[in-house]
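Student: Got a structure here, written out as structure tokens. Questions coming.
Since every read-out is calculated from the coordinates, none of them should be taken as a lab result. This one's a predicted model, so the numbers in the text were calculated from it and none came from an experiment. Methodologically, a virtual Cβ is constructed for each residue, glycine included, from the backbone with ideal geometry; neighbour enumeration extends over all protein chains shown.
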Amino acid sequence: DVREFNWVEVPVTVGAVDLSALLVEIDYGASLDFLDGETDAAFSWDARVQGTATKVWDDDETNHTLFVAIYDAAGSTAVSTGNGVLFKLRFRVKVGASTAAALPLTLTANTSMVDTSGQGVTFVPGNGSVTVDTKLRKLDVDEDSDADSWDAVCIYRALLLRDLGYGAILPETVRDAHGQGVAGTANFVSNFVSDEEIRANVEAMIIRQTGGFSELDVDQSGGVTVGVDGVDTYVYLAAGTTGDGAIDARLATLAARSADGDAPVVTQVTDPASSADTIQFRFNESLRDAAGNLVTNPTAWTEASGIITQADGETYNLSIDADARVLTLTPTGASWTAGVNRDFKVEAAQLQDVATNGVAADTKTVALP
């Protein structure tokens, strides 16, 4: 079970005699992406795969099929006798994938086995599936499904840059090394969520409270600091313990999969720098509306209209970013009314987060310069 955008590792189990060739073709459907850019994560070969074997794969992104071949060109053993997981594949659940039904992983008729005598091996195929739910690990700020050392780096840098006010959480060189397609070209898609998405996840933990303390105030000192809470979180995720049982217990709670009880929350409102500047509302989760996923048409008024209302006569156009996290208001005239405070009401009942739970309206006061 995984959440949207999460990575999911799918084990391929094979039980057979010595094989000279194994051909596996999987139809993975339109709601998953195969992470072919993750060479360190796409395959975890079992020891039964011989070192002399040739291993090739091809991902047909148009038809959503993945072909994997393991063979010995001379007809010798490529996969030795045994049962169990032979290799693992890593996919990512696409944004907007339905939670209504399991996503199928289906072996096609091209899947086959050949023994070392050149004879085909009869087998009974077994299909798999990926179930999409709305549970989350709060410390999984890069949203790959695990709270790990990547998150340790992201959380630490998010807190550090929060104090500094500038800089990239994940530099472009890191993003370029992890993605689909060729880095620097139009078809390249990073396997990591954007810095804004990571920052929103960290801000949400800072805002949420447990027992009167911010969730990320892991030492419960009354504030969140990079030098203490950032370091403790980094050490816990990288090494498994901080050496303090109470802090470890709090971090273990944040690292565990838990029900998403969060309604959409405005984590930040950016006041305009000038009377003609934009106003931005940032949320702690990707948003939905009654018609579906806002990210499917990120600039269309029909997708986002009515989400924010203003009773004092300010008029604006509204757009949403590609992460479905930030709503941007641009004045329709030359500028906003200068030198006043205006209340903007976020009609949160029209918004849904990943868990599809709406809440009442939320009013934010914006200072117009």
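Student: Name the long-range amide H neighbours of S44: under 5 Å, sequence gap of 5 or more, or other chain; modelled H, no Pro or chain starts.
Tutor: Close amide H contacts, sequence-distant or interchain: K88.
Student: Lysines near K135 by alpha-carbon distance under 28 Å, same-chain residues fewer than 8 away left out - which ones?
Tutor: K88, K94
Student: May I ask you to compute the full-extension gain from A30 to T278, defined as 0.36 nm times their residue separation minus their alpha-carbon distance, rounded to one decimal in nm?
Tutor: 85.7 nm
Student: Let me ask another. Which of the three applies to segment 1-72, rounded, prolate or oblate, going by the alpha-carbon gyration tensor with a ≥ b ≥ c and a/c under 1.5 meaning rounded? Intermediate results must be reported in sequence, preceding the final value.
Tutor: Working: a/c = 2.03, a/b = 1.74, b/c = 1.17.
It comes out prolate by the Cα gyration axes.
Student: Applying 1/(1 + (r/R0)^6) with R0 = 51 Å to the Cβ-Cβ distance of A367 and K135, what FRET efficiency is obtained, to the nearest 0.05?
Tutor: After rounding to 0.05, the efficiency reads 0.85.
Student: When a/c reaches 1.5 or more, the comparison of a/b and b/c decides; with that in mind, is segment 133-190 rounded, prolate or oblate per its Cα gyration tensor? The partial results should precede the final answer.
Tutor: Details: a/c = 2.49, a/b = 1.19, b/c = 2.10.
Verdict is oblate for segment 133-190.
Student: Here is a follow-up. Ranking D343, D362, D33 by Cβ neighbours within 10 Å, fewest first, what do you get?
Tutor: Numbers: D343 13, D362 18, D33 21.
Sorted ascending by nearby Cβ count, the order is D343, D362, D33.
Student: Based only on other Cβ atoms within 10 Å, what is the fewest-to-most ordering of V226, V2, V17, V182? If you can, show how the numbers build up before the last one.
Tutor: On the way: V226 19, V2 22, V17 14, V182 11.
Result, fewest neighbours first: V182, V17, V226, V2.
Student: If you place +1 on the Cβ of every Lys and Arg, -1 on the Cβ of every Asp and Glu, and leave all else neutral, what size is the dipole of segment 161-258 about its Cα centre, to the nearest 20 Debye?
Tutor: Approximately 240 debye in magnitude.
Student: If you don't mind, there's one more thing I want to ask. Work out, step by step, the length gained on full extension between D58 and A246: first 0.36 nm times the residue separation, then minus their alpha carbon distance; give nm to one decimal. Don't skip to the end; give the middle numbers.
Tutor: Numbers: separation 188, 0.36 × 188 = 67.68 nm, distance 4.80 nm.
Answer, rounded to one decimal: 62.9 nm.
Student: Report the full-extension gain for the segment D343 to D148: residue separation times 0.36 nm, less the Cα-Cα distance, to one decimal in nm. Each step should come with its number before you reach the end.
Tutor: Details: separation 195, 0.36 × 195 = 70.20 nm, distance 4.04 nm.
That works out to 66.2 nm of additional length.
Student: Identify, among V68, F91, V56, the residue whose Cα sits farthest towards the positive end of the charge dipole of segment 55-100, taking +1 on the Cβ of Lys and Arg and -1 on the Cβ of Asp and Glu, with the dipole about the Cα centre.
Tutor: Going by the Cα projections, it comes out as F91.
Student: When M113, M205 are ordered from fewest to most other Cβ atoms inside 10 Å of their Cβ, what list results? It would help to have the intermediate numbers written out before the result.
Tutor: On the way: M113 19, M205 22.
Least to most surrounded, the residues fall as M113, M205.
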